[in-house]
Amino acid sequence: MTVTVRKAVIPAAGLGTRFLPVTKATPKEMLPVVDKPAIQYVVEEAATAGLFDALLVTGRNKRALEDHFDRNHELATALADKGDMARLAAIETSEELAKIHYVRQGDPRGLGHAVLCAAAHIGAEPFAVLLGDDLIDPRDPLLTEMLEVQQEYGGCVIALTEVDPVAVSRYGCAAVSPAKPSEPVRVTDLVEKPAPDQAPSNLAVIGRYVLAPEIFDVLRATPPGRGGEIQLTDAIRNVATGAAAGGSVHGVIFRGSRYDTGDRSEYLQAVVRLACKHEDLGSQFSDWLKKFAATEI
Ligand code: G1P
């Protein structure tokens, strides 16, 4: 019997060092992408896929995240008194997207450890993990597709994308067995951030996972790996190779737009792309951008 996935885990305890100094006092997840913080896109993505229970794994200096998803009565009253219903609706959206829960990851012991912090909240159901640094174009149904694969095959499902072979050392990297174009691939092995000459392929793991609850026991038994951290990739590898329980591991190949918003250049690209598509700003901003590119670059 298949169990419907209802819950999303969103690790958000990272220090954001690639973005200093702005992240000295502001969580990286709160950096604006046009007019919403990056984390809101991730929660919206989960809700669009039908996951209305989101657990944010946070740490010190992340209070702004809780404030963003909480009610702000003072601001709401001020906007209502002014009759500014559009802005009132905008602030209420972030409050009503999903039921948001929080758990703190006291020690920064890696992504695998962050996911393990969700064990009590998740219980014995399959669940999704969405990494806040990976912003998937909001029109792309990647997560919905992954949930469908999980319903059909059970086990774990990861998202993979083809990258330049020299770039694999920034990602988890998968060995897969071939599949028909419309079918998910079967993942046979995974390596966290391999050197390019040791990578099993150029298929990189991107930050969307649907995991079987057995992963928690696997994570508890996973020793620190790359960088001395407990790696989610290592735990999923043990499932994929059959060394641990959790069923099969399938991969959905993603060919849409994705931005690593923890990287300054890709963050700027995300802002420009989404600004061009924005319903209010889009056409005016695109016109300006075309003139700017033609005259000043
Ligand atoms: C994490 C994972 C890695 C994955 C990446 C995707 O790495 O450990 O396997 O490829 O996210 O963004 P991080 O970027 O947190 O170092």
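Each value in this text was obtained by applying a stated rule to the coordinates, not by laboratory testing. Every value quoted in this text rests on a predicted model; they were computed, and no experiment measured them. All Cβ positions, glycine included, derive from the backbone under ideal geometry; neighbour counts span all protein chains shown.
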Self-check item: Cα-centred dipole magnitude for the chain, charges only on beta-carbon of K, R (+1) and D, E (-1), debye, nearest 20
Solution: 560 debye
Self-check item: DSSP-loop trypsin sites (Lys or Arg not before Pro) across segment 196-256, with at most 14 other Cβ within 10 angstrom
Solution: Arg255
Quiz item: Which values, in whole Å and largest first, are the semi-axes of the equivalent ellipsoid of the chain obtained as the square root of 5 times each eigenvalue of the Cα gyration tensor?
Solution: 32, 23, 19
Practice problem: At q = 0.18 Å⁻¹, work out log10 I(q)/I(0) for segment 36-79 with the Debye formula, treating every Cα as an identical point scatterer and leaving solvent out; two decimals please. | Solution: -0.66
Practice problem: Report relative contact order for the chain in percent, whole number only (criteria: Cα-Cα under 8 Å, sequence separation at least 6). | Solution: 21 percent
Quiz item: When you take every Cα atom in segment 179-230, what is the radius of gyration, and what is Dmax, the widest Cα pair distance, in Å?
Solution: 13.6, 38
Quiz item: For segment 1-135, how big is the tail of P(r) above 20 Å, as a whole percent of Cα pairs?
Solution: 48 percent
Self-check item: Length-normalised contact order of segment 147-296 in % [C-alpha pairs under 8 Å, at least 6 apart]
Solution: 26 percent
Quiz prompt | Principal axis box of segment 108-190, alpha-carbon based, largest edge first, Å | solution = 37, 32, 30
Quiz item: Translational D (Stokes-Einstein, µm²/s) of segment 122-252 at 37 °C and 0.692 mPa s when Rh comes from the Kirkwood sum over C-alpha pairs?
Solution: 222 µm²/s
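Give me the number: length gained by fully extending Arg264 to Ala76, i.e. 0.36 nm times residue separation minus the C-alpha to C-alpha distance, one decimal in nm.
64.4 nm
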Quiz item: So what's the gap between the Cα centers of segment 23-67 and segment 248-297, to the nearest angstrom?
Solution: 19 Å
Exercise. Take the Cα atoms of segment 177-286, find their three principal axes, and give me the spread along each one in whole Å, biggest first.
Key: 55, 37, 33
Quiz prompt | Rel. contact order, % - alpha carbon contacts under 8 angstrom, at least six apart, segment 4-58 | solution = 57 percent
Practice problem: May I ask for the Kirkwood hydrodynamic radius of segment 63-201, worked out over all distinct Cα pairs and given in angstroms to one decimal? | Solution: 18.9 Å
